[in-house]
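Take a look at the structure below.
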Amino acid sequence: MDNKFLKAVSAQVRKQMKTFDIDGCRPSRKIEGFLGDDEIRGFKAVCIYVHVALHDRIEEISTILSTIDAFVFRQAHYNHLRYLMFFGADTASLVAPGPSNVHQAIAQKKWEGSLGLQLKPEYADAQAFIPCLHNGLPYTRFPDRHDLALFFCKGKDVVTTEEQQKRFGSIRRQSLWFFFGEDGTIEMEAGWNGVAAGAPHAR
């Protein structure tokens, strides 16, 4: 993947970073990225939504995720949660294997393993229908004001329910979208607001 594109991704993530208080900050952890004894600039959680139709783009998605992960840890050194969620396979809910909270950035190969469990060729024609941003279950999360929301989509024909559409507007300022074209291109757009209200089409 082009290094220039990855640098642009990191620059967008930097713009999205939030300042918030943390508990139990020890003096020995006062390193670059901290604004004070109890403040940090980073994210409390990264909410990742991946279209199941992207089985042939696992390596690229993993490269982007590992780049973001490493960048956030270099800047903030905060053990944020990652919520990895998949849409398109189930029109009623998100598929979420579980949150991840480790003390270091996740390597690209580990991202590839996690993505490979859900992104399969049989979903190649799955519509980009996102039924919700949070199932109400522990393994999903509605992005709050200290979080970053990442969306990986096969195209821009993203659909949600009319009820959920306003939710996307509410997180627009903290979202970063990636669109994967059939010609191999990747387009990144911060704060995209093109999610349409509608019903999923039958496959």
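The values are calculated or read from the model by the stated rules, or taken from the named source; none is laboratory data. Note that this is a predicted model, so its numbers are computed, not measured. Counting neighbours? That spans all protein chains shown, and the Cβs are built from the backbone with ideal geometry, glycine included.
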Review point. So Cys47 clears everything in (1) of a type outside the set (Asp, Glu); (2) crowded, with 18+ Cβ neighbours inside 10 Å; (3) not in a strand (DSSP E or B) except one condition, right? Which one?
Key: (3)
Review point. Which numbered condition trips up Leu35, out of (1) in contact with a Ser or Thr (Cβ under 8 Å, 6 or more places away or on another chain); (2) modelled with pLDDT of 75 or more; (3) not in a helix (DSSP H, G or I)?
Key: (2)
Check your understanding: Quick check: anything in the stretch 140-150 touching a residue at least 24 places away in the same chain (Cβ under 8 Å), over 30 Å from Ile40 (Cα atoms), under 17 Å from the mean Cα position of the chain (by Cα) and not in a loop (DSSP other than H, G, I, E, B)?
Key -> no
Point to revise | Residue satisfying all of: in the stretch 94-147; surrounded by fewer than 12 Cβ atoms within 10 Å (Cβ to Cβ) and polar (S, T, N, Q); modelled with the lowest pLDDT among these | key: Asn101
Check your understanding: Only one residue in Gly155, Gly191 is on the phi > 0 side of the Ramachandran plot and not charged (D, E, K, R). Which one?
Key -> Gly191
Review point. Here are some residues: Leu133, Leu115, Leu150. Which one is out of contact with any helix residue (DSSP H, G or I) (no Cβ under 6 Å at 6 or more places or on another chain) and not hydroxyl-bearing (Ser, Thr, Tyr)?
Key: Leu150
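Taking Thr67, is it assigned to a loop (DSSP other than H, G, I, E, B), crowded, with 16+ Cβ neighbours inside 10 Å, touching a residue at least 40 places away in the same chain (Cβ under 8 Å) and not aliphatic (A, V, I, L, M)? Steps first, please.
Values: assigned to a loop (DSSP other than H, G, I, E, B): no; crowded, with 16+ Cβ neighbours inside 10 Å: yes; touching a residue at least 40 places away in the same chain (Cβ under 8 Å): yes; not aliphatic (A, V, I, L, M): yes.
No, not satisfied.
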